[in-house]
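See below for the structure under consideration.
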Amino acid sequence: MVINELGPILGGAVGSDLDGALLSLGAARWACARLAGGLEDVVAQKWSQREGKRMAGVERTLVIVKPDGVQRGLVGEIVGRLERRGLKIVAMRMTVIQRALAEQHYAEHAGKAFYESLVSYIGSGPSVTMVLEGPAAIAATRSTVGKTNPAEAAPGTIRGDLGLMVGRNLIHASDSVDSSAREVDLFFGTDALVEYERDIDRWVLEG
Ligand code: IDP
Ligand code: MG
């Protein structure tokens, strides 16, 4: 509609005397400003629609590339798979997980036969800890990670493609909204999370 208003205005600028032309040019400038303003409104509306949708199902999940993943030089491979899925890294750190933190993290497994070996394995060398964010990030990450025992994990999953034994299964990922909140807080707190927009988000997130 605004574009239609430009036609006669520009026509007037070309066809009449100088005063008329200047008046018409002023009006043309005003119309262009309206057009630009209209476009800005449209873009702003799109962004807020997308923001609303993105925020609705967004989750965070704690992922650890365990010491075997680091020692085998698989950090890039593992993180790359999750990144290519579309998940956004909002925190990342290289760390040797100390015994006290390992015990808190794996408290649900205390007393199980594999508990001691698990706590010692997770602290046996550097790990890469991170927080990933995205729609249904917890389930999406778990499905890319695969079953706990790599021998049973489907081909195409991280554990199914890269691992063989349950005690060397390369990666941890939160298994629920509650454990994700607890684990993200345990490893990072909220201050260490970086909030940012990615230019590619409109190609990953529908809306
Ligand atoms: P998850 O990592 O798939 O969530 P969980 O059952 O929470 O699996 O177990 C935590 C971790 O404990 C596993 O990733 C694995 O490293 C280790 N684990 C679990 N079950 C066994 C077992 O039967 N033998 C040795 N290690 C185990
Ligand atoms: Mg678990």
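The values are calculated or read from the model by the stated rules, or taken from the named source; none is laboratory data. Predicted model, so just to flag it, every value in this text is computed and none were measured. Reconstructed Cβ throughout: ideal geometry from the backbone, glycine too, with neighbour counts over all protein chains shown. Ligands, DNA and RNA are excluded from the accessible area calculation, which covers all protein heavy atoms including side chains. Shrake-Rupley method; radii C 1.70, N 1.55, O 1.52, S 1.80 Å.
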Self-check item: Filtered residues of segment 102-147 (kept if of a type outside the set (V, I, T), near ligand 1 (Cβ under 9 Å from one of its atoms) and open to solvent by less than 60 Å² (accessible area, probe 1.4 Å))
Solution: Y106, H109, Y115, L118, Y121, G146
Quiz prompt | Flag if E206 is open to solvent by 40 Å² or more (accessible area, probe 1.4 Å) and out of contact with any Asp or Glu (no Cβ under 9 Å at 6 or more places or on another chain) | solution = yes
Quiz item: Which of the residues spanning segment 90-101 are open to solvent by 40 Å² or more (accessible area, probe 1.4 Å), hydrophobic (A, V, I, L, M, F, W, C) and touching a helix residue (DSSP H, G or I) at 6+ places or on another chain (Cβ under 9 Å)?
Solution: M92, M94, V96, L101
Self-check item: V63 being within 16 Å of ligand 2 (Cβ to nearest atom), surrounded by 11 or more Cβ atoms within 10 Å (Cβ to Cβ), under 17 Å from T144 (Cβ atoms) and hydrophobic (A, V, I, L, M, F, W, C)
Solution: yes
Quiz item: Can you tell me which of D201, D191 is more than 16 Å from ligand 2 (Cβ to nearest atom) and surrounded by 15 or more Cβ atoms within 10 Å (Cβ to Cβ)?
Solution: D201
Quiz item: Taking the condition open to solvent by less than 20 Å² (accessible area, probe 1.4 Å) and more than 14 Å from ligand 2 (Cβ to nearest atom), does I171 pass?
Solution: no
